[in-house]
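Each remark here refers to the structure printed beneath this line.
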Amino acid sequence: MEANILTDNCGDRRLNNAINMNIIILLMGRLVSLFGSGIYSFAMSMYILSKTGSSMSFSINMALIVLPMVLFSPISGVIADKIDKKKMIVSMDILSGILILALYGVSVINGLQIINIYIATFLLSVCTVFFDTPMQASIPSLVNKEKLTKINSWNEAVSSITRISGPFIGGVVFALIDIRLFLLVNGISFILSGISEMFLNFNVEKMINEELINQENNLIKDYEDEEINEVVEKKSIITNLKEYWGNFVEGIKYIKNEKWLATLVMYFLAFNFFVGMGITLPGNYIMMNVIGFSPKIIGIINMAFPAATLVTAMVISVLPEAKSIYRKLVFGLSVTSISIIIIGMLIIPGLVNLSMTGYFIVFIILYAGTSMALTTFNIPISVTLQKMVPADKRGRVFSILPMITLAAMPVAFLLSGFMMEYLPVFITPILAGSIMLILTLSISRKKEIKEI
């Protein structure tokens, strides 16, 4: 009896150690990888905008960031469901590092050309897709259910920080540091991140379900059998493209049959379009070309997003799990819509006359408020999806969702760039925010959304 207790305690300690180590590596890996991508995206966008002064050139680079998410998310999901997720995550980080180091090498020889930035932006975004999909789908396999909400809160905080605080570091890089030195450091950081992710333990979910966790020989044999099966599945991916399509269709059918999910996806498709059209691209353009902020100040303003996200996510992580996300969803979307409209109103000639300090404070408030509002429903939605979507379909569904919801974003960026090139700049955010507010009123009346 005592031997069994000791064995159980040993197994519990080993499991807890594996979970804690996974959490640390997961958060640090995502921090480095997504942070590097975010810094690169902003620094390169500011470089293009300063060199060309064109909103269209700026919008092309932004579109190239999103386009791979639309094109390759389904493929990444099918692969994530079929092959070793750890190898996929590690290889994408290392490949990203090699890609940026290659751009560094080319820039040393021929200078930093716009066309080379476009190519690198697209390829780096492809790597990010094939990194993020298996990482997101693997979270339930890296921790136990008790820590699922907390790890999603921390993961959301890291994702938001890296996605939006990139402009702060990117602005500093662009203003104070040789852009080529940044490329060198960024490339090395990606490679080091990939090396650290080799130590992730993807067998936590299996360890929890094992009846006797202390039977090392059986576990080793199971892992060896699993590796053999994975090799077979890798071959099937290469030789049978029909399986790709079948899995993709299966994911689409699942989303379509779940009415609440289908409704949510279609509305988010529209919301993402108008967010991209009204603030994602116009925000930085307005601050730099209309108000006259430096890239460093623009980066500081964007820091309001991650700071607010971090505080909100940490608060959510210690609160009881939300029973309904309906009110949080409507609130967050309403605040975002109004914030976009205000950004446009701030630059209407003769309507508002603020000092540079005044504009700075207003933008900080708008960005922080929007971030807090969005975080209040982003985390519950992620938890709801992970709980309600079957484990064998998570990879497919999580990869298809970005494809659908982001499908119109490249068009939104290009349309926004075109409108700002030929129309008064304030028209674009006011129009986008107003339409988004109408859509928010519409989704608030949907019965299937109220029941989530």
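The values are calculated or read from the model by the stated rules, or taken from the named source; none is laboratory data. These numbers were taken from a predicted model, which means no experiment stands behind them. Don't worry about glycine lacking a Cβ; one is built from the backbone with ideal geometry, like all the others, and counts go over all protein chains shown.
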Meets criteria (in a helix (DSSP H, G or I), modelled with pLDDT under 80, crowded, with 18+ Cβ neighbours inside 10 Å and not aromatic (Phe, Trp, Tyr)) for residue 68: no
Subset of segment 97-113 [of a type outside the set (Ser, Thr, Tyr) and touching a Gly at 6+ places or on another chain (Cβ under 9 Å)]: 97, 98, 99, 100, 101, 102, 103
Number of the exception - residue 315 against (1) modelled with pLDDT of 90 or more; (2) out of contact with any helix residue (DSSP H, G or I) (no Cβ under 7 Å at 6 or more places or on another chain); (3) not acidic (Asp, Glu): (1)
Among residues of segment 33-62, those that are of a type in the set (A, V, I, L, M), in contact with a Leu (Cβ under 8 Å, 6 or more places away or on another chain) and buried (at least 23 other Cβ atoms within 10 Å of the Cβ), counted: 1
Any helices (runs of 4 or more DSSP H) falling wholly within segment 131-210 and containing at least 3 residues that are under 13 Å from residue 38 (Cβ atoms) and modelled with pLDDT of 75 or more: 179-196
Enumeration of residues in segment 49-60 that are closer than 21 Å to residue 278 by Cβ and either in a helix (DSSP H, G or I) or free of Cβ contacts under 8 Å to residues at least 24 places away in the same chain (or both): 49, 55, 56, 57, 58, 59, 60
Test: residue in segment 423-441 that is free of Cβ contacts under 8 Å to residues at least 40 places away in the same chain, more than 23 Å from residue 49 (Cβ to Cβ) and among the aliphatic types (A, V, I, L, M): yes
Residue match in segment 359-378 (condition: modelled with pLDDT of 75 or more and more than 18 Å from residue 308 (Cα to Cα)): yes
Scope segment 76-85; condition within 17 Å of residue 128 (Cβ to Cβ), more than 17 Å from the chain's Cα centre (by Cα) and either of a type in the set (A, V, I, L, M, F, W, C) or surrounded by fewer than 18 Cβ atoms within 10 Å (Cβ to Cβ) (or both); matching residues: 79
